[in-house]
Each structure stands twice: as structure tokens, then as C-alpha cells.
Amino acid sequence: MTTAGAKVHRGALDDLDSLRSGAAAADGVVHLAFKHDFSDYAGAVAADLRAVEAIGAALEGSGKPFVNTSGTLMLAPVLGPGRLATEEDVIAPGSPPVPRIESENVAVALAGRGVRSSVVRLAPSVHSSADKHGFIPLLIGIARDKGLSAYVGDGATRWPAVHTLDAARLFRLALETAPAGSRLHGVADEGVPFRDIAEVIGRHLNVPAGAISREEADGQFGFLSALVSLDNPTSSRRTRELLGWRPQHPALIPDLEEGHYFR
């Protein structure tokens with residue numbers, strides 16, 4: 001970025017003064033950070049909300065773009081299994097299953113305060129050879145440690161997915177042209193059956209893939225057990241129409257078959 005003329009502004013999620021000054025000096029803001037501390041998820045959610053509020057306050061009345069990050073999985077507990085999530089789906093503040101939704105709603109509301117704000121809801125799998133700490137590497141590590149690449153029940157629950165480079169292009173397009181107050185979906189695969197993911201992982205690790213019950217999921221997946229049971233088919237049709245975004249890179253299963261996750 002520095003070779004392209006950008007200046008580095010160092011800060012931290014808990015250093016709100018640094019976020020305010022950085023946002024005020026920038027041409028636009030993309031907020032991607034989150035404390036992935038599942039031992040204090042409530043604290044991580046609160047820190048994220050404070051950061052969004054601080055950035056929003058610094059940008060108020062400027063007309064500058066602010067792209068916040070959310071996730072499609074947050075829609076699944078509210079919409080229920082089988083329902084295709086769309087950009088028009090909005091979750092009310094205070095919904096018990098999705099505490100992180102408040103930062104999404106606060107960011108969208110900044111459109112009424114003179115900020116060209118938008119939110120990108122990313123698929124749970126943002127995959128590529130650059131993916132070292134996402135859900136797919138975690139699932140691979142679990143399968144390797146347990147000697148079983150498991151799926152819950154019949155494995156028909158679906159996860160959407162997007163390649164890292166396609167997601168990066170979406171954030172650029174959102175920064176440049178997203179309408180104020182828009183919700184966007186970073187989704188290329190609308191829904192990959194979890195059984196298919198588990199079977200590819202099992203084959204590459206040379207461990208069996210098989211079904212486990214919901215009662216066994218905690219022992220297999222730990223904190224991921226609730227997520228792997230969610231059915232989260234998700235559309236990005238509206239996003240593609242608004243921004244002209246067209247995913248061009250490999251889908252999740254072909255990317256897994258490339259083998260780079262297992263080297």
C-alpha cells in the first residue's frame with residue numbers, strides 16, 4: 001500500500017482516539033478487524049461496536065465511504081433452515097441469537113448522518129491459499145486431530161463461500177460505489193453442503209468422513225459445533241446488480257481439491 005502512496009496509521013480496536021484520527025484523515029474507511037476471542041465473545045462484540053461508533057462519529061457529515069464487515073452466518077439463527085438469505089434481510093437490534101448484529105445496524109444507520117456507509121456480509125468461508133486462520137483450516141485441524149472428518153446428521157446444512165480475491169474486489173467496489181445504507185453479500189457459492197466439505201477434507205487427510213449426532217458435535221467441534229449445524233444458503237444477486245461484482249476465482253470445493261490447504 002505504501003508503494004501506491006498510502007500512509008500507515010497504526011492503531012488498535014481499543015484505542016478509539018487512534019480510530020477517530022485515522023478515519024478523519026482518510027479518504028474512506030474499511031473496517032475488517034474483530035477480536036476473535038471466543039472465550040470473551042461478548043467483550044469482542046462490545047469492542048467492535050465501540051470501534052464502529054468511533055469511526056462513524058469521525059466521518060459524520062463528510063460524505064466519505066465507510067465499509068463495515070459482518071457475516072452471513074448471523075442471519076441463519078433468525079431465518080431458520082432452508083431459507084435463502086438476501087441482502088434485504090434485516091435483523092432487529094437486540095435479537096438474542098446474534099449480538100454482533102448491532103454493529104451492522106449502527107453502520108447502516110450512518111447513512112442518515114452524512115456517511116456513505118455500507119456493510120459487507122462475508123460468507124463463513126473466505127478461502128484461498130492465503131486462508132491460514134479461517135474456518136476451513138480449523139475444520140482441517142479438527143479432522144486431523146480427531147481422525148475423523150465429521151458432519152452433523154445427514155450433512156445437508158449449507159455454508160456459502162467466496163474466494164479471498166473476489167471478496168477483496170467486492171470491498172474495493174463497495175468503497176468506490178456502494179450506495180449509502182446498503183447491505184452487500186460477499187458470496188460466490190450460495191450454499192455448499194457441509195457433507196461435501198467434510199468428504200473432501202477426509203480424502204485429502206486420508207481419514208474417514210462420517211456423520212455424528214448433534215449431541216456428539218460439541219466433543220468433535222468444540223466452539224464451532226453451533227456453527228457447523230447452521231443452514232445458511234445465501235444469495236448475492238442484489239450485490240452483483242448494484243456493483244457489477246462478478247466472482248471469477250475458484251469455488252470452495254475446487255479450491256480445496258487444489259490441495260494447498262493440506263500442505
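Readers should treat all values here as calculations from the given coordinates under stated rules, not as data from a laboratory. This is a predicted model, so every value here is computed, not measured. Methodologically, a virtual Cβ is constructed for each residue, glycine included, from the backbone with ideal geometry; neighbour enumeration extends over all protein chains shown.
Pairs of Cα atoms under 8 Å, at least six residues apart: use those to get the relative contact order of the stretch 1-119, whole percent.
Relative contact order, the stretch 1-119: 27 percent.
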Out of residues 5 or more away from H185 or on other chains, whose amide H comes under 5 Å of its own, with H placed 1.01 Å from N in the peptide plane?
R121, T239
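Residue separation times 0.36 nm, minus the C-alpha to C-alpha distance between S39 and R83: what's the value?
Values: separation 44, 0.36 × 44 = 15.84 nm, distance 3.02 nm.
That works out to 12.8 nm of additional length.
Taking 30 Å as R0, compute the FRET efficiency from the Cβ-Cβ separation of E216 and S129 and round it to 0.05.
0.40
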Which far-off residues, 5 or more places away or on another chain, put their amide H under 5 Å from the one on A150, with H placed in the peptide plane?
G210
Any residue on another chain or 5+ positions along whose placed amide H is under 5 Å from the amide H of S117 is listed here as F66, A111, G181
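Would you calculate a helix-derived [θ] at 222 nm for the chain, using -39,500 (n - 2.57) for each DSSP H run of n ≥ 4 and dividing by the full residue count, to the nearest 500? Walk me through the numbers before you get to the answer.
On the way: 11 runs with 105 residues, N = 263.
Mean residue ellipticity, 222 nm, calculated: -11500 deg cm²/dmol.
Normalising by the residue count of the stretch 2-262, find the relative contact order in percent from Cα pairs under 8 Å and 6+ residues apart.
Numbers: 490 pairs, mean separation 56.4, N = 261.
Answer for the stretch 2-262 is 22 percent.
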Calculate log10 I(q)/I(0) of the stretch 167-227 for q = 0.12, 0.23, 0.30 Å⁻¹, where I(q) comes from the Debye formula with a single equal point scatterer on each Cα and nothing for solvent.
-0.54, -0.98, -1.24
In Hz, Karplus ³J(HN,Hα) per residue of the stretch 151-161 (6.51, -1.76, 1.60; θ = phi - 60°; x = Gly, Pro):
9, 8, x, 8, x, 7, 4, 10, 10, x, 8
Output wanted: per-residue J couplings in Hz (rounded whole) for the stretch 117-130, from phi through Karplus 6.51 cos²θ - 1.76 cosθ + 1.60, θ = phi - 60°, x for Gly and Pro.
8, 8, 10, 9, 8, 7, 5, x, 10, 10, 10, 3, 5, 7
Table column - 3J(HN,Hα) (Hz), the stretch 51-57, Karplus curve with 6.51, -1.76, 1.60, x for Gly and Pro:
5, 4, 5, 5, 5, x, 5
Measuring from label point to label point, each 7 Å out along Cα→Cβ, what is the L138 to A156 span in nm?
2.6 nm
